[in-house]
Amino acid sequence: MAKSRELRRRIKSVENTRQITKTMEMVATSRLKRAQDRVVAARPYAEVLADVIAGLYEPGLAERFPILRQPGADRGRVALVFMTSNRGLCGGFNANLIREAQDRMLELESRGREVELHGIGRKGIGYFRYIGRELASARQDIGDHPTPEHASEVIQPLLERFEGGELDAVEVVFAKFNNPLSTPPTRLTILPIVTPTDRLPVNYLLRPSADEILRAILPMYIQNQMYRALVETAASEHGARRTAMKSATDNAGDMIDYLRRTYNRARQAQITQEIAEIVGGAEALKG
Amino acid sequence: MRITVISPERAIYDGDATAVRAPAYDGLVGILPGHAPFVTLLGEGVLTVENGGERHEFQVRQGFLQVVEGVVRVVAEHAEKSKA
């Protein structure tokens, strides 16, 4: 008797949980759709930028542009920007990003480079503060809908310090959005610039000179890489949350099935026992 | 010729044009079909796209314009369609 009441209570509780995870799954699905559209919509801009830069770039430029300087690969100060989500309940999403960022940080430090951390997203910031790592900057206000302005606010100060020689590299750890089920943590070197050179040079008429145009376009290119990392991470978060909530909903369903079966068996056993007792009692009275 | 107007967030316009007037850094430039490959920086102002009788206007700021193989790409840091 007491056992079946306990089972009823648990079934009710798991049903409530399933309701919540189901709702979260649906919310994530609809947000994912919009975030995914933003990822796709941002592509043409990046492509044309890379195309034009490849068309104008020539190796001699590096000496004249501080933004193109190529410090030696194994010394100096690195800014590591890591992105996580502001909210949890998205499976291993944040844990994976944090691990990637931490591995990279340790790897760089073991090679004798100074690393400063820039955190975007509450979960990662919380982790690094917890292990007692100082962060050079921390932003939790870039949520679901990152804009090019957000990207510019993050990268602009770093870019200026890179040009001034104070920083020697800027790397980003973000969640690449391959598709909603595949969102691997990924590392991207934003500075020094890896120039896109996979395109055929075109003989453009230029106004003003190639130098002037590159001076204006290169910062746009840098900023856009940061923007894409933000947008892809936002989309990946929703993908990861949808997957996590879907499996939570499925598991809750399995658990309810199992509890119902157990409950029904207990109920049946009790009825059988009561009948047996009544029959036994009647037999005894007959004497 | 084809023209696409692209901002960091999305492609705002993609279609055919018979003439384009764009605010370059040093004044308006006009692009007609058959233009040579061309890259110029943009200033701030109104980009006009004409296609036969149709006419579209966009407010653009910063970025560049590229003409290559009969395709005009206007890539602006800020771009939005002007209200008709």
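The values are calculated or read from the model by the stated rules, or taken from the named source; none is laboratory data. All of these numbers come straight from a predicted model, not from anything done at the bench. Positions of Cβ are backbone-derived with ideal geometry, glycine not excepted, and every protein chain shown enters the neighbour counts. What goes into the accessible areas is simple: the full protein's heavy atoms, side chains included, and nothing from ligands, DNA or RNA. Shrake-Rupley method; radii C 1.70, N 1.55, O 1.52, S 1.80 Å.
Screening region A:112-155 for residues that are part of a helix (DSSP H, G or I) and open to solvent by 60 Å² or more (accessible area, probe 1.4 Å) and picking the one that is nearest to the other protein chains (Cβ to nearest Cβ) gives A:Glu149. A residue that is acidic (Asp, Glu), more than 16 Å from A:Ile213 (Cα to Cα), at the interface with chain A (Cβ under 8 Å from one of its Cβ atoms) and open to solvent by 20 Å² or more (accessible area, probe 1.4 Å) occurs somewhere in region B:2-24. Each residue in region A:96-111 was checked for being farther than 24 Å from A:Ala244 by Cα and either in contact with a Phe, Trp or Tyr (Cβ under 9 Å, 6 or more places away or on another chain) or outside any helix (DSSP H, G or I) (or both), and 3 of them qualify. Here B:Arg10, B:Arg21, B:Arg61, B:Arg73 are screened, and the one residue that is among the charged types (D, E, K, R) and more than 22 Å from A:Arg43 (Cα to Cα) is B:Arg21.
Taking the criterion of being within 11 Å of chain B (Cβ to nearest Cβ) and of a type in the set (Gly, Ala, Ser), would at least one residue in region A:220-230 satisfy it? Looking through region A:220-230, none of the residues is within 11 Å of chain B (Cβ to nearest Cβ) and of a type in the set (Gly, Ala, Ser).
Only residues that are in contact with an Asp or Glu (Cβ under 7 Å, 6 or more places away or on another chain) and open to solvent by 70 Å² or more (accessible area, probe 1.4 Å): list them for region A:17-63, please. Within region A:17-63, A:Arg31 is the sole residue that qualifies. Whether any residue in region A:238-255 is touching a residue at least 12 places away in the same chain (Cβ under 8 Å), in contact with a strand residue (DSSP E or B) (Cβ under 8 Å, 6 or more places away or on another chain) and open to solvent by less than 40 Å² (accessible area, probe 1.4 Å) is what I want to check. Yes, some residue in region A:238-255 is touching a residue at least 12 places away in the same chain (Cβ under 8 Å), in contact with a strand residue (DSSP E or B) (Cβ under 8 Å, 6 or more places away or on another chain) and open to solvent by less than 40 Å² (accessible area, probe 1.4 Å). Quick check: is even one residue across region A:194-211 surrounded by 20 or more Cβ atoms within 10 Å (Cβ to Cβ) and aliphatic (A, V, I, L, M)? No - not one qualifying residue is present in region A:194-211.
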